[in-house]
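Working notes for the structure below.
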Amino acid sequence: MLEKSERPWGRYEVLQESPTFKVKTIHVNPGMRLSYQRHQKRAEHWFVTTGMGEVTIEGVTSPVSPGSTVDIRVNQLHRISNTGSTELIFVEVQTGTYFGEDDIERVEDDFGR
């Protein structure tokens, strides 16, 4: 593991990083959700491994469960919510030109960030 970071909604761990991609596992606590956000310099692909939730992309909400995949294009508004009673875990593969945490534009956030 290259990096681990605690967040108000759970945590993430960076598994691999290169100039062209970054791979993380993201753990979302029951009843929590990430901010409604977009990125200018990266796209994301999510693969849900554990738990139940909902993904919202550009205002459209869909259920996710183990085996679900989600593709998020550059500049697309997105968020994931844990609607279950156990941890929601997904693998995130980022592709693009920059992978810093400062490439997050939060449109709505439960934690005032």
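Side notes on the structure shown:
- Considering only residues in the range 65-77 that are under 13 Å from GLU92 (Cβ atoms) and of a type in the set (Val, Ile, Thr), the one that is surrounded by the most Cβ atoms within 10 Å (Cβ to Cβ) turns out to be ILE72.
- Of the residues in the range 19-37, none is more than 21 Å from PHE111 (Cβ to Cβ) and small (Gly, Ala, Ser).
- Wholly enclosed strands (runs of 3 or more DSSP E) of the range 29-113 bearing at least 1 residues touching a residue at least 12 places away in the same chain (Cβ under 8 Å) and charged (D, E, K, R): 36-38, 42-50, 53-57, 69-72, 78-82, 88-96, 105-108
- Selection status of GLU6, modelled with pLDDT of 95 or more, exposed (fewer than 14 other Cβ atoms within 10 Å of the Cβ) and part of a strand (DSSP E or B): yes
The values are calculated or read from the model by the stated rules, or taken from the named source; none is laboratory data. Source: prediction; values computed, not measured. Don't worry about glycine lacking a Cβ; one is built from the backbone with ideal geometry, like all the others, and counts go over all protein chains shown.
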